[in-house]
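Colleague: Handing you this structure, nothing more for now.
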Amino acid sequence: MKQFAVIGLGRFGVSVAATLRAQGHEVLAIDNDEENVQSVQTEELVTQAICLDSTNIHALEELGLQGFDGVILAIGEDLQASILTALNLMELGVKKLIAKATNANHGKILERMNVPQVVFPERDMGKRVAQMMMQSSILESFQLDPRFSVIEMKAPDHVLNRTLAQLNLRVKFGISVVAIKHGGTELAIIPGPDHVISENDLLVIIGDNQGIRHFLQI
Ligand code: ATP
């Protein structure tokens, strides 16, 4: 069990906090709005919730966040509060810091401050939804960098009842099947060359975007 803190209990912060808690981790939720603190406490979404102003370094210091496995900074709208809190967390030397940015300028500032990981939930979700719309066979996609992605898709007809060796996807398309989900429960991680793809299998594929596109277009 790990120990995490989430600062800012908007929809994003609550979702991160509740997910970590549901996975069995200890979660400390922080917000300067008493109502938000009460709400996550009442719904038992986190281990503990505290009302404080995270721009105040002394208030944060008392929580011993340096000893936590990670801190998620989920303040979005209030740019000043986000930046000051990020500065405080870096000054306190938290181990792993992930900060949410609401737009490109916000992200640029956090990145220039050397915040180790900045995420753009709205932008990234928008891209994923657009991709799902354009490629109805793609169920999930995650861009590793501008060239490479991981996608989850329903096995297309042309690969059914064939082994991975026969398909030779790495050579033909520069893509690899890293996992196959079968029947909703079975999961084959790094399936071997003799693995046969069946109807209704879900494929998790990693590769360069061009290769993935070619594979999808067949
Ligand atoms: P979402 O889109 O996820 O709902 P948001 O981007 O609109 O959220 P904000 O409303 O800016 O996010 O902030 C999230 C939370 O951060 C709010 O509940 C707010 O009360 C809290 N917050 C803002 N400033 C501070 C601060 N200085 N200290 C602690 N919490 C703060």
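Colleague: Considering Cα pairs under 8 angstrom that are at least six residues apart, work out the relative contact order of the stretch 134-213 and quote it in whole percent. Working shown, then result.
Modeller: Details: 143 pairs, mean separation 29.8, N = 80.
Computed over the stretch 134-213, the figure is 37 percent.
Colleague: For the chain, what is the relative contact order in percent, using Cα pairs closer than 8 Å and at least 6 residues apart in sequence? Intermediate results must be reported in sequence, preceding the final value.
Modeller: Numbers: 392 pairs, mean separation 27.8, N = 218.
The normalised contact order for the chain reaches 13 percent.
Colleague: If I model a spin label at Asp69 and Lys95 as a point 7 Å from the Cα along the Cα→Cβ vector, what separation in nanometres do I get?
Modeller: 0.8
Colleague: When only Cα pairs under 8 Å and 6 or more residues apart are kept, what is the percent relative contact order across the stretch 3-119?
Modeller: Numbers: 222 pairs, mean separation 27.1, N = 117.
This gives 23 percent for the stretch 3-119.
Colleague: While we're looking at this one, here's another question. Rounded to the nearest 20 debye, what is the charge dipole size of the stretch 124-217 about its Cα centre when +1 sits on each Lys and Arg Cβ and -1 on each Asp and Glu Cβ? Walk me through the intermediate numbers first.
Modeller: Numbers: 9 positive and 10 negative charges, 55 e Å.
Charge dipole of the stretch 124-217: 260 debye, to the nearest 20.
Colleague: Here is a follow-up. For the stretch 11-62 and the stretch 87-115, write down the distance between their C-alpha centroids in whole Å.
Modeller: Between the Cα centres of the stretch 11-62 and the stretch 87-115 lies a distance of 19 Å.
Colleague: With both bridge residues required to lie in the chain, what share of the DSSP beta bridges run antiparallel, to the nearest 5%? Don't jump to the answer; show the numbers that get you there.
Modeller: On the way: 23 of 42 bridges.
Just about 55 percent of them are antiparallel.
Colleague: With the dipole of the chain worked out from charges on the C-beta (+1 for Lys and Arg, -1 for Asp and Glu) around the Cα centre, which of Val204, Gln48, His158 lies farthest toward the positive end?
Modeller: My answer, from the dipole projection, is His158.
Colleague: Here's another thing I want to ask about it. Once phi is turned into ³J(HN,Hα) by the Karplus curve 6.51 cos²θ - 1.76 cosθ + 1.60 with θ = phi - 60°, what whole-Hz value does each residue of the stretch 190-203 show in order, with x for glycine and proline?
Modeller: Whole-Hz 3J(HN,Hα) from phi for the stretch 190-203: 6, x, x, x, 8, 5, 9, 8, 10, 4, 6, 5, 10, 9.
Colleague: At 0.36 nm per residue, minus the direct Cα-Cα distance, what do Glu62 and Gln131 gain on full extension? Give it in nm, one decimal, please.
Modeller: 20.4 nm
Colleague: Next question. So, with +1 on the Cβ of K and R and -1 on the Cβ of D and E, and no other charges, what is the size of the charge dipole of the chain about its Cα centre, to the nearest 20 debye? Please list the in-between numbers first.
Modeller: Working: 18 positive and 26 negative charges, 238 e Å.
Dipole of the chain, to the nearest 20 debye: 1140 debye.
Colleague: Most mobile of Gly64, Gly76, Gly13 per a Gaussian network model of the chain (Cα springs, under 10 Å)?
Modeller: Judging by the Gaussian network model, the answer is Gly64.
Since every read-out is calculated from the coordinates, none of them should be taken as a lab result. Predicted model only: the values in this text are computed from it and were never measured. Every residue, glycine as well, gets a Cβ built from its backbone with ideal geometry; the counts of neighbours run over all protein chains shown.
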